Amino acid sequence: MKILKYFAFPSLVHQLRTEGLSMRRRFTFYVFSIICLFAAVILILLNLFGILNPADRQIMNDLDARLTTCSERVEHDCDELAACAISFAGQLEHSIQDHLTANGKRFADLKNDPEALNALQSKLYDSVYLNMQVAPASGAFYLLNTTANSQSETTLYSGIYLKYINLCSENTVNNDFSMYRGSFSTGKEKGITFHSGWKNESSTAFFETCDTVFSDGTYFALSPVVEIPDTWERARYIYVPIRDYNDTIIGVCGFEITDLLFQLTYQATESPWGSEIYGLLNEHNGTCSGQFSSGRYNRTDSSLQLKKEKNSCLFDFGTENCVGLTSEILLGKETFTVAVMLPKAQYDRFLRKGQLHFILIFLIAAILAAICCTVLSQKYVSPILKKIEQVKARENDGRQLHIREIDDLFAFLEEKDTAYEQQLTELEQAKAFAEEEARKAKEEYEKASAKYDLAKSEIDRLAEKHKEEIVPEDYQFFVENLGTLTPAEYRVYELYLSGKTAKQIAEILHITENTLKYHNRNIYSKLGISSRKQLLRFAALKQHIDGKEDWT
C-alpha cells in the first residue's frame, strides 16, 4: 500500500500536465522501465527456447520425436506385412501351378467352371488360413482374375477372404472368423459358420489398374482406407500380385488392416501433455482419410481437413480439432502421411498454463522492480533533493553526500556561482564605461554635424557664386547635349566627375592616351566646352541644381 501511495497516480497525471515529472519520479520511472525491459527480454528469450512455455516449444519437440518414431515403425510394420504378403503370394503361385498341372488345365480353363474353382479354393484355403495366423493382420485374402459366373451383371472374381471376428490384442491366434467369402463347399468342408456377409465371389476394381500399380518393379501396394462392403468397418489392404509361369498377373493376395487393428497396434501413449494420437493419412479423390490410434476418429462418416500452419498442423474433423505434426513416407508407389497430434482443447489448456506462468513471472519481476526503484530512490535521490533545497535556500551545511559525482557537481556549482558574481561585477563596470563612451561619442557627433551643416552652407554659397560666373546659354547647351555622348564618351565623362586623372582613366578603360584625347575632343565639341575645368564646373552646377530639385 505504501508503494501505491508513493506513486499517487491521479496527482502524478496532474503534475505531468502542469509541471512535468520530478527528479525522484523520473528516476523511478526510468529505472523501473529498464528493469521491466530487461525482464521482458529475458522472458521472451526463455520463451523462445521453450523454457517458460512448454505448450509452444516442448510439446512440439515431443511430438516431433514421437513422429519420427511412429514413421519408422509404420514403415517397418508395412515392410514386414509386405514381406509376409510376398511369401503368401509365392505359396499361392506354387499351389495354383501344381493344381493346374495335376489336373491338366490351364488358368484360362477355370473360367465358368465352378467345380474346378471349388477344388482350387479347397486346396488354397490352408495357405490363406496359415498366413493369416502368422501375419500381423486382421484378415487375409486372395482373388483370381477368373469367375464361375461370367454372365453376372457385376464383374466377380473367385477367391477366399477370411476375417477375424474379434481383436483384443496383437496376437490373433485361434480367433473365430466374422466373415468368410468363398465357395460354399469349401466353407462347409472347413467347418466355417456362415454369416450374413457371406458371398461366393467378390467384386473389386483393383484388377483394372493392377498392371499399372505393379509396374517398374513395385512389389506391393497399400490401399487408402475404404469401407468393407456389407459391414460397418473400415480397413486398408496390402496387395501383392499372383503371377503364372509367364509372369502374367493372374490375381492378387494380401492382408487386411482394420481400424481396430491399427488402434491396437498404435495405442495412444501418455505424455506430460496427455494422450497423443497417431494416424496414417492419405489423400484420395481430393479428400483426406486415415486410420487413427483413437477410435473416436475412426468413423465411416468422419471428414478430415488438414491445414498447414507455421510450426504445426491443424486437423479439422468437423466436430473436433487436433494440433500436431506430419511427415510423408513412401509405401509402395504411394505417398502417405504419418501424423502425431493432440486434441486442440488439450493443447490450448497447456498453452494457457504456460502463458499464465509467463505472466506470473513477469508480474513478480515488475513488483520486484518497483520495490527496487523505491529503495534506490530513498537511498540516492532523496539526499540529492535535500542537498538541492539547501543550495536554493543558501543553507548549505558543508556536509557531503559521499556520492563522488554529486559532490563534485555541487562544488562545481559553487565555483560557478562565485564566478558568475565576479562576472556580474565586471559587466556592471563595463556598462558604466560604455555609457561614458556613448556620451562622449554623442558630443563628437553633435560637433561633426555642426561642421557638416557649415560646410554644406559654404558649398551652396560657392555654387551660387559659380552660377553667376557661368554663361547661361553655354550651360544650357551643355545640359541639352549630354544625351548625344556615346557610351564610351559618357563613361569618360563619369570618370572625370569621380575625380580620376587622365592617366587613371586610360588604365581603367584599358585605352591609350591618344584614344583618351580623341574622346576628350569629341566630348568638348559635343558639349560646347573648351577645357576639363569648364567641364567639371558645369557638371558640379548640374549636380547642385539636380540635388535642389530632388529636395523640392
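The values are calculated or read from the model by the stated rules, or taken from the named source; none is laboratory data. Being a predicted model, the structure only gives us computed values, none of them experimental. Heads up, the Cβs are rebuilt from the backbone with ideal geometry, glycines too, and the neighbour counts pull from every protein chain shown. The accessibility values were calculated without ligands, DNA or RNA, using every heavy atom of the protein model including side chains. Shrake-Rupley method; radii C 1.70, N 1.55, O 1.52, S 1.80 Å.
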* **Using θ = phi - 60° and Karplus 6.51 cos²θ - 1.76 cosθ + 1.60, couplings along segment 119-126 (whole Hz; Gly, Pro as x)** => 5, 5, 5, 4, 6, 8, 4, 4
* **Positive minus negative residues near T212 (Lys, Arg vs Asp, Glu; Cβ under 15 Å)** => -3
* Peptide ranges 60-67, 425-432, 483-490, 248-255 listed from the most packed, as the mean C-beta count within 10 angstrom indicates -> 248-255, 60-67, 483-490, 425-432
* Listed pairs K451/K503; K431/K451; K503/K533; K447/K533; K105/K188; K451/K500 exceeding 23 Å between Cα atoms -> K451/K503; K431/K451; K447/K533; K105/K188; K451/K500
* Structure fact -> Rounded to the nearest 10 Å², the 1.4 Å probe accessible area of R57 is 100
* **Accessible area per residue, Å², segment 319-361 with all protein chains present, probe 1.4 Å** => 52
* Asked: Taking H as built 1.01 Å from N, whose amide H comes closer than 5 Å to the amide H of K333, not counting residues under 5 places away?
  -> L222
